[in-house]
Amino acid sequence: MIRSIATVSIGGALDEKLRTIAAAGFRAVEIFENDFTCYDGSAREVASMCSDLGLKICALQPFRDFEGMPGNLRTQAFRRIEKKFDLMQELGTDLLLVCSNVSHASLGGIDRAADDFRELGERASARNLRVGFEALAWGRHVNDYRDAWEIVRRADHRSIGIILDSFHTLAPSFPVAAIRAIPGNRIFLVQLADAPQLDLDVLSWSRHFRCFPGQGSLAIREFMQAVDATGYKGPLSLEIFNDQFRAQSTKDFAVDGMRSLVLLDDDETRAQVAPALRTRSVVTEVVFIEFAIEPSHAAALATLFGELGFRLTGRHRSKAVERWSQGSVNLLINSSPDSFAKSHTVTHGSGVCAIGLEIADVPTMMNRAEAIQAAAFRQPVGPGELTIPAIRGVGGSLLYFLAPGSSNWNIDFLPIESNSDTGMLRRVDHISQSMRFEEMLSWEQFYTALFEVDRSPQLEIADPLGLVKSQVLQSKDGSLRLVLNASTASQTMSSRFLSEFFGAGVQHIAFTCDDIFKATSAMRAAGATFLKIPDNYYDDIDSRFDLDPALLKSMKENAILYDRDDVGDFFQIYTHAFEDRFFFEIVQRRGYKGFGAPNAGIRLAAQTREAKPRSMPRLS
Ligand SMILES: O=C(O)c1ccc(O)c(O)c1
Ligand SMILES: [Mg+2]
């Protein structure tokens with residue numbers, strides 16, 4: 001099906017919108033009338049711009065308040081619509097979207113509306129044009145697509161068809177089954193939008209909270225299966241009313257839209273699936289995490305790793321890169337002046353610049369990445385060096401993909417055998433990334449498009465200076481667990497990270513251990529210090545969990561936090577932030593599946609106390 005988007009979905013002036021839409025790979029657009037009205041250029045210019053860009057204008061929309069008008073208002077509606085037919089002919093589109101009437105003046109009655117459309121059909125066919133009728137969920141008399149279809153059916157004119165919009169169908173919870181009974185050639189256009197579940201009047205919900213398919217919680221796949229069953233072969237057009245989206249970088253946003261349509265085809269239950277796309281990759285291991293470090297920070301980071309029980313196990317043959325290991329965890333400290341890491345530090349300062357993930361089938365992974373327009377990363381390699389397939393991830397950092405047992409990434413390290421494993425930490429438990437609030441859906445879509453991961457319900461965490469939204473993405477067996485955090489408040493820890501890091505990136509990494517008390521006492525003996533937790537916290541968890549007094553005492557003495565779910569216990573502890581940037585967490589899970597969300601506010605308050613004071617803007 002031809003992939004389309006309504007111009008209302010994208011920010012900018014009409015010409016910019018069209019260029020962005022074409023660049024993201026769309027082949028058709030719906031021109032939203034208001035975008036044209038406020039554009040300083042003629043319809044013929046827009047038509048030629050679209051044809052130069054390879055875009056077909058699949059519809060002009062919307063025409064409002066047409067059906068069921070009494071007397072003079074009816075005459076006026078027909079006169080208005082003839083003007084729009086003129087415009088359509090100049091634009092070179094043959095389809096007008098008429099949405100159901102919201103006017104108080106309009107009269108109900110299926111046959112009255114059908115008569116109006118039959119007459120309109122005559123006028124449209126005289127000009128070789130077509131009209132599609134769309135039921136708005138808040139239409140005065142017609143708000144259900146089944147009624148719109150009954151009107152179209154009774155109008156019984158080949159120039160009159162129905163337009164289906166997933167939002168207007170699914171948000172009011174209309175069953176999709178009746179779509180299957182509509183002949184595909186009577187559906188003139190299918191519009192797609194998802195939305196989060198909200199308890200809001202449907203008009204505000206539609207105008208401000210629509211998002212791309214897959215980003216919300218409407219049953220878009222069921223809707224599409226019903227559409228497929230009709231034999232419809234026309235355009236699939238994204239129609240996303242969302243002011244926050246429009247305010248974003250339009251280029252990335254348009255790509256997110258294209259991605260959502262590509263992913264919609266990635267469904268075994270639908271016929272026209274591109275087989276290469278079908279498998280999302282299972283990440284079996286986080287193989288390494290690379291820190292791009294300013295040379296002046298490198299020694300301090302190495303000291304911190306040492307305190308946490310990591311040992312220097314390898315040095316790069318030719319570059320300033322060290323490998324620190326423990327359990328299955330490998331941390332790289334890269335302060336080399338001629339590498340990707342260097343450019344990362346120029347932009348962000350010290351921080352994580354790359355993550356190496358183990359994946360069974362790397363070529364399939366890279367195909368899929370290409371299909372969703374993820375940016376492949378290539379860098380010049382020295383003689384004898386191997387390229388590792390990689391793509392750009394959050395904040396311009398890299399995701400490297402490694403086949404099981406692949407030593408490509410490791411080959412240039414001279415091993416240091418003498419340093420044996422301290423055995424305190426086992427593996428990476430989770431990686432948390434902070435990002436702009438507006439980017440969150442986009443990265444969520446990116447990760448869920450590439451990897452076999454599930455989304456847990458989004459959490460809201462109270463930071464002393466605002467709210468942080470937190471989204472967990474994790475694979476079935478926990479081999480990959482990502483936590484995405486974002487905040488709209490400027491002074492939360494998450495937002496401060498963004499401003500200090502100059503963009504999105506890894507804010508913290510958690511490691512698992514078998515015995516957190518043993519591990520942290522060894523770490524303390526080696527010089528490690530941890531985030532201070534107030535006594536009040538321990539009184540509170542005692543009241544909530546009725547803990548063994550000796551255990552509680554030991555947690556309190558060691559600044560270890562606690563949580564419990566249906567399955568088991570959870571212990572966690574945090575390091576101080578390194579150079580006021582990223583920090584580490586150590587966790588012990590006894591069957592527990594969560595991330596200690598009830599403790600996040602305690603941790604944020606403690607970090608806020610410790611963070612460097614920042615000058616707050618003051619009103620004079
Ligand atoms: O919100 C609206 O008015 C509106 C207009 C046209 C559409 O196709 C639609 O779904 C909603
Ligand atoms: Mg619509």
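Below, the figures for the structure above:
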{"item": "Over the chain: helical MRE at 222 nm, DSSP H runs n ≥ 4 each giving -39500 (n - 2.57), nearest 500", "result": "-10500 deg cm²/dmol"}
{"item": "Accessible surface, the chain, averaged per residue in Å² (probe 1.4 Å)", "result": "41 Å²"}
{"item": "In degrees, nearest ten, helix 535-545 long axis to first principal axis of the chain (Cα)", "result": "70 degrees"}
{"item": "Antiparallel %, DSSP beta bridges [both residues in the chain], to 5", "result": "55 percent"}
{"item": "Local electrostatic count, residue 2, Cβ distance below 13 Å [Lys/Arg +1, Asp/Glu -1]", "result": "+2"}
{"item": "Crossing angle, helix 43-52 versus the chain [Cα axis fit, 0-90 degrees, rounded to tens]", "result": "50 degrees"}
{"item": "Solvent exposure, largest accessible area first (probe 1.4 Å, DNA, RNA and ligands not counted), of 3, 481, 79", "result": "79, 3, 481"}
{"item": "Among the listed pairs 84/233; 532/553; 83/233, those beyond 19 Å (Cα-Cα)", "result": "84/233; 83/233"}
{"item": "At most 16 other Cβ within 10 Å, DSSP loop - GluC sites (Glu not before Pro), the range 333-404", "result": "385"}
{"item": "Fully extended contour minus Cα-Cα distance, from residue 173 to residue 553, at 0.36 nm per residue", "result": "131.6 nm"}
{"item": "At R0 = 60 Å, FRET efficiency that the Cβ-Cβ distance of residue 419 and residue 146 yields, to 0.05", "result": "0.25"}
{"item": "Residues whose placed amide H lies under 5 Å from that of residue 142, excluding near-sequence neighbours", "result": "101"}
{"item": "Two-site FRET efficiency, residue 347 against residue 52, from Cβ-Cβ distance with R₀ of 35 Å, rounded to 0.05", "result": "0.50"}
{"item": "Between helix 597-610 and the chain: long-axis angle, C-alpha atoms, 0 to 90°, nearest 10", "result": "60 degrees"}
{"item": "Local electrostatic count, residue 260, Cβ distance below 14 Å [Lys/Arg +1, Asp/Glu -1]", "result": "-4"}
{"item": "Volume per residue of the C-alpha convex hull in the range 425-610, rounded to whole Å³", "result": "118 Å³"}
{"item": "Net charge over other residues, Cβ less than 13 angstrom from the Cβ of residue 206 (K, R count +1; D, E count -1)", "result": "-4"}
{"item": "Qualifying trypsin sites (Lys or Arg not before Pro) in the range 288-392, DSSP loop, other Cβ atoms within 10 Å at most 11", "result": "378"}
{"item": "Surface share of carbon and sulfur [accessible, 1.4 angstrom probe, percent] for the range 352-457", "result": "52 percent"}
{"item": "Greater than 29 Å apart at Cα, pairs in 56/251; 251/342; 319/612; 17/476", "result": "319/612; 17/476"}
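The values are calculated or read from the model by the stated rules, or taken from the named source; none is laboratory data. Keep in mind the model is a prediction, meaning the values are calculated, not measured. Here the Cβ is made from the backbone with ideal geometry for all residues, glycine too, and neighbour counts use every protein chain on show. Surface areas here come from the heavy atoms of the whole protein model, side chains and all, with no ligands, DNA or RNA. Shrake-Rupley method; radii C 1.70, N 1.55, O 1.52, S 1.80 Å.
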